[in-house]
Amino acid sequence: MKKTVIVYGTSTGTCEELANKIGGKLGVDNIINVTDLDSSVIADNDNLILGTSTWGAGEMQDDWYDGVKVLKGADLSGKTVALFGCGDSESYPDTFVGGMAEIYNAAKAAGADVIGAVSTDGYTFDDSESVVDGNFVGLALDEVNEDDKTDERIEAWVAEIQPNL
């Protein structure tokens, strides 16, 4: 596997826990908070796995606003990006994991090859900006209502993205 970093933004610790779980499954121990994301992190890694929690009306975690500026200022051509997001599908069914959308758009605009789209089948929600062509742009996780599905969802996603890393 090429050099990979997992970058997460978290307010309550949930996204950090999920980043570590994903890192364990992938054998990646380079896991950092988005507050530590800069151009050197991007330059030093071939693969970026980016995760955010979702807040308010589908917004990404606050620290990601600076992180997105870093992504937008980078040339991600030749880089592989995979996304994961946490949300609450019961309390926020109209904006479930919406926080992934802005990160996805920034990565695509910077030239990244974004992998790891996940079917919406098996999820209960009404709408999400993170759904493109019928799939989530990355791994959608709901630790509030569907934590019993997290391990299975991570396993399936890791199996899909790992050959491309």
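The values are calculated or read from the model by the stated rules, or taken from the named source; none is laboratory data. Bear in mind that the values here come from a model prediction, so they are computed numbers and not experimental data. All Cβ positions, glycine included, derive from the backbone under ideal geometry; neighbour counts span all protein chains shown.
Suppose we keep only residues that are out of contact with any Lys or Arg (no Cβ under 9 Å at 6 or more places or on another chain), of a type in the set (A, V, I, L, M) and free of Cβ contacts under 8 Å to residues at least 60 places away in the same chain within segment 20-48. Which one would you say is nearest to Glu152 (Cα to Cα)?
Only one residue fits best here, namely Val28.
The rows are residues; the columns are (1) within 13 Å of the chain's Cα centre (by Cα); (2) at pLDDT below 95; (3) closer than 21 Å to Ile161 by Cβ.
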residue	(1), (2), (3)
Ile6	yes, no, yes
Cys15	yes, no, yes
Gly27	no, no, yes
Asp46	no, no, yes
Thr52	yes, no, yes
Met60	yes, no, yes
Trp64	yes, no, yes
Gly78	no, no, yes
Tyr92	no, no, no
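If you check Ala82, Ala107, which single one turns out to be under 19 Å from Asp133 (Cα atoms) and in a strand (DSSP E or B)?
Of the residues listed, the single one that is under 19 Å from Asp133 (Cα atoms) and in a strand (DSSP E or B) is Ala82.
Can you find even one residue in segment 109-130 that is under 23 Å from Ser40 (Cβ atoms), surrounded by 14 or more Cβ atoms within 10 Å (Cβ to Cβ) and of a type in the set (Gly, Ala, Ser)?
yes
Report every pair of residues separated by at least 6 positions or lying on different chains whose Cβ atoms are under 6 Å apart, first residue within segment 58-83 and free of Cβ contacts under 8 Å to residues at least 60 places away in the same chain and of a type outside the set (A, V, I, L, M, F, W, C), second assigned to a loop (DSSP other than H, G, I, E, B) and crowded, with 20+ Cβ neighbours inside 10 Å.
From segment 58-83, the pairs are Lys79/Ala112.
Residues are listed down the side, and each one gets a yes or a no for (1) over 16 Å from Leu141 (Cβ atoms); (2) surrounded by fewer than 18 Cβ atoms within 10 Å (Cβ to Cβ):
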{"position": "Thr4", "(1), (2)": "yes, no"}
{"position": "Ser39", "(1), (2)": "yes, yes"}
{"position": "Asn45", "(1), (2)": "yes, no"}
{"position": "Ser53", "(1), (2)": "no, no"}
{"position": "Ala74", "(1), (2)": "yes, no"}
{"position": "Phe96", "(1), (2)": "no, no"}
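Would you be able to say whether some residue in segment 117-134 is in contact (Cβ under 8 Å) with a residue 12 or more places away in the chain and within 16 Å of Leu18 (Cα to Cα)?
Scanning segment 117-134 turns up no residue that is in contact (Cβ under 8 Å) with a residue 12 or more places away in the chain and within 16 Å of Leu18 (Cα to Cα).
Examine segment 138-157 for a residue that is surrounded by fewer than 18 Cβ atoms within 10 Å (Cβ to Cβ), on the phi > 0 side of the Ramachandran plot and modelled with pLDDT of 95 or more, and state whether such a residue exists.
No, segment 138-157 contains no residue that is surrounded by fewer than 18 Cβ atoms within 10 Å (Cβ to Cβ), on the phi > 0 side of the Ramachandran plot and modelled with pLDDT of 95 or more.
Condition (residue is assigned to a helix (DSSP H, G or I) and closer than 30 Å to Asp121 by Cα) applied to segment 34-46: is it met by at least one residue?
Among the residues of segment 34-46, at least one is assigned to a helix (DSSP H, G or I) and closer than 30 Å to Asp121 by Cα, which makes the answer yes.
Which ones in segment 66-79 are among the aliphatic types (A, V, I, L, M) and either assigned to a loop (DSSP other than H, G, I, E, B) or within 16 Å of Val114 (Cβ to Cβ) (or both)?
Val68, Leu71, Ala74, Leu76
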